[in-house]
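In what follows, a structure is listed as structure tokens, so that the remarks can point back to it.
The values are calculated or read from the model by the stated rules, or taken from the named source; none is laboratory data. Note that the structure is a prediction, hence the values are computed from the model and not measured. Positions of Cβ are generated from backbone atoms using ideal geometry, with glycine treated the same way; all protein chains shown enter the neighbour counts.
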Amino acid sequence: MSDDLTIRDLRLEKLAKLRELGFDPFAVERFDTPTSIADLHKRFDDLAPAPGDDGHPSPEDIATKTISLAGRLVSLREMGKAAFANVSDGDDKIQAYFRKNDLDELQPGAWAAFKLLDIGDHVGITGYLFRTKTGEQSIYVRSLTPLSKSLHTLPLGKEKDGEQWYGLSDVDQRYRHRNLDLVAKKDARSMLLNRSRIVSAVRRFFDDRGYFEVETPMLQLEAGGAAARPFKTHYNAYDMDVKLRISLELYLKRIICGDVPKVYEIGRVFRNEGVSNRHNPEFTLLEWYEAYANLEDMMSCVEDLFKDVAQKVFGTTELHGLDFGKPWHRVDMLTAIHERSGIAPEELRDLESAKAAMKRVGLPTEKENNLGGVIEKLLEHFVEPHLQEPTFVIGYPIETSPLAKKDPNRPGFTRRFEGYVLGREVCNAFSEINDPIDQRERFEQQLGERAKGDDEAHPMDEDFLFALENGMPPTGGCGIGIDRLVMLLTGAEHLREILLFPMMRPDKPQGDDDEDED
């Protein structure tokens, strides 16, 4: 820690000297950057002045082809009265050449200011493009404007031929200080920015299909729409306890009841549950609802969404060994359980026989108190790990699907599917209940489960039932966790890789070796 303080003190001294020279970086409010560094490289031959007979461009060409750019110094090599530096704008970098005589002639004191710069500082430079003797595209600097002073040593490491060494490798520090991760690790930066590109592509997909993007309340009297424990807080203005939403569903359906036929929302939801490499209590959820559509329409929409987003963001539908350009597999839940476990569908007609079958295949039954829970546990254990290709599992039990229409051809089951890829759930969809009598009965069944101790059972929501009683057309709806969508499309192994600011425990004091969350 003392070394860091020493570096900080030295850099504060350099900052003071910059100010004495009239180059205070923090006094600058803006710097004109008309183009990106990547664009400079792409248009280099058009933007660079032509060298004359002496190898140098004419003053007239320099004047007409002067360019400016700003970025962070990521490398620095001094050679007496000249120096080379690499300047990065985050996405690309370019070599800059500084020469004492030219700088001081055109901008008195600039060389002395340059000598006070460190790797990590932001600078603005103007000059002209040229190639070095080795052919490297570079900018010949004619004026310098310091724009910030980094008071710490950035973990930039070394780079050659696209590979990096000695950079930021401490995972805890990467997640805790994401600004360093964005600066120092190209792969991490790309993955995090691809999240934003994916969300933008999702929005364009639904906007192009005529959906309205809406916003619904985060603070709710009854947090419904999913089986989860909510976070609780207090509304001081109304002196009442409220819950943070666990889903977007019930308010979006209210909008469908208002004869807005296509709606979607991308919003944060909060579920007070465990943390893992694939679960975070605060996450981003996409839900959409379409009037006069059913379960099969939702399947087509999911297929189109994955295909469209993959193509728009990555330029291909084939990612990480998966092809999202092909139709997804469709399997019946009970059939899949039978094929993988040997348990026949007729064994899953009542709780007693289902628990007996569950026990026969070696699974514990003590915590199972309804038939739907047994069936979904069998699915989770025997079927889900084998669903590697994009697959829809269709036909979920009524006990675990309190918002899905009953299947008229299969008593005890609903018109619901979940989508799986690489053995993990990626979406959940229904033909939605629009019968207020049926919905009230389902909520009452859920209250019974809550009375038995299931604190994740769905609450009674009278306001939502009133909306249904005013009339809701037949509707298809679907929800996708944006975090899981991003992990899937980017190939991320851990949820924190695609969250800019994941929740972390407070930084541990030195000597505290307790591990953070998994």
* What do you reckon, is residue 123 buried (at least 20 other Cβ atoms within 10 Å of the Cβ), within 23 Å of residue 7 (Cβ to Cβ) and touching a Lys or Arg at 6+ places or on another chain (Cβ under 7 Å)? -> no
* **Scan of the range 386-409 for residues that are touching a Gly at 6+ places or on another chain (Cβ under 8 Å) and over 22 Å from residue 325 (Cα atoms), ordered by number** => 396, 397, 398, 399, 400, 401, 403, 407
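Residue-wise test of (1) in contact with a strand residue (DSSP E or B) (Cβ under 7 Å, 6 or more places away or on another chain); (2) at pLDDT below 95; (3) under 30 Å from residue 192 (Cβ atoms); (4) outside the structural domain of residue 454 (by TED's automatic domain parsing).
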| site | (1), (2), (3), (4) |
| --- | --- |
| 319 | no, no, yes, no |
| 323 | no, no, yes, no |
| 344 | no, no, no, yes |
| 421 | yes, no, yes, no |
* To do: Output the helices (runs of 4 or more DSSP H) that fall wholly within the range 29-71 and possess 3 or more residues being free of Cβ contacts under 8 Å to residues at least 60 places away in the same chain, on the phi < 0 side of the Ramachandran plot and not aromatic (Phe, Trp, Tyr), or say none.
  => 37-42, 59-64
* Determine whether residue 77 is in the same structural domain as residue 153 (by TED's automatic domain parsing), crowded, with 16+ Cβ neighbours inside 10 Å and of a type in the set (Lys, Arg). => no
* Asked: Which one of 461, 435 is touching an Asp or Glu at 6+ places or on another chain (Cβ under 7 Å), in the same structural domain as residue 286 (by TED's automatic domain parsing) and not small (Gly, Ala, Ser)?
  -> 461
* To do: Select from the range 391-431 the residues that are under 26 Å from residue 279 (Cβ atoms) and charged (D, E, K, R) and write down the one among them that is farthest from the chain's Cα centre (by Cα).
  => 399
* **the range 329-377, subset basic (Lys, Arg) and out of contact with any His (no Cβ under 8 Å at 6 or more places or on another chain), residue surrounded by the fewest Cβ atoms within 10 Å (Cβ to Cβ)** => 367
* Between residues in the range 162-179 that are loosely packed, with under 14 Cβ neighbours inside 10 Å and residues that are of a type outside the set (Lys, Arg) and at pLDDT 55 or above, which pairs lie under 6 Å by C-beta distance while being six or more apart or on different chains? -> 165/157; 166/157
* Asked: Can you pull out the strands (runs of 3 or more DSSP E) entirely within the range 225-315 that have at least 1 residues that are in the same structural domain as residue 434 (by TED's automatic domain parsing), crowded, with 17+ Cβ neighbours inside 10 Å and touching a residue at least 12 places away in the same chain (Cβ under 8 Å)?
  -> 240-244, 262-270, 282-291
* **Failed criterion for residue 470 (all others in (1) touching a residue at least 60 places away in the same chain (Cβ under 8 Å); (2) within 26 Å of the chain's Cα centre (by Cα); (3) over 28 Å from residue 368 (Cβ atoms) hold)** => (2)
* Could you please find all residues in the range 451-473 being surrounded by 15 or more Cβ atoms within 10 Å (Cβ to Cβ), outside any helix (DSSP H, G or I) and either at positive phi or modelled with pLDDT of 95 or more (or both)? => 472
* Asked: Out of (1) modelled with pLDDT under 95; (2) closer than 21 Å to residue 189 by Cα, what's the single condition that is false for residue 121?
  -> (1)
* To do: Could you tell me which numbered condition residue 119 fails, if it satisfies all but one of (1) part of a strand (DSSP E or B); (2) under 24 Å from residue 16 (Cα atoms); (3) hydrophobic (A, V, I, L, M, F, W, C)?
  => (1)
* Evaluate the following for residue 126: is it over 35 Å from the mean Cα position of the chain (by Cα) and assigned to a loop (DSSP other than H, G, I, E, B)? => no
* Asked: Condition test on residue 194, is it modelled with pLDDT of 95 or more and part of a helix (DSSP H, G or I)?
  -> yes
* Residues (over 19 Å from the mean Cα position of the chain (by Cα) and farther than 20 Å from residue 206 by Cβ) located in the range 294-327 -> 316, 318, 321, 322, 323, 326, 327
* Whichever residue in the range 104-118 is of a type in the set (A, V, I, L, M, F, W, C), modelled with pLDDT of 95 or more and over 38 Å from the mean Cα position of the chain (by Cα) and, among such residues, is surrounded by the fewest Cβ atoms within 10 Å (Cβ to Cβ) -> 112
* Restricting the search to the range 442-467, which residues are of a type in the set (A, V, I, L, M) and over 33 Å from the mean Cα position of the chain (by Cα)? -> 447, 451, 465, 467
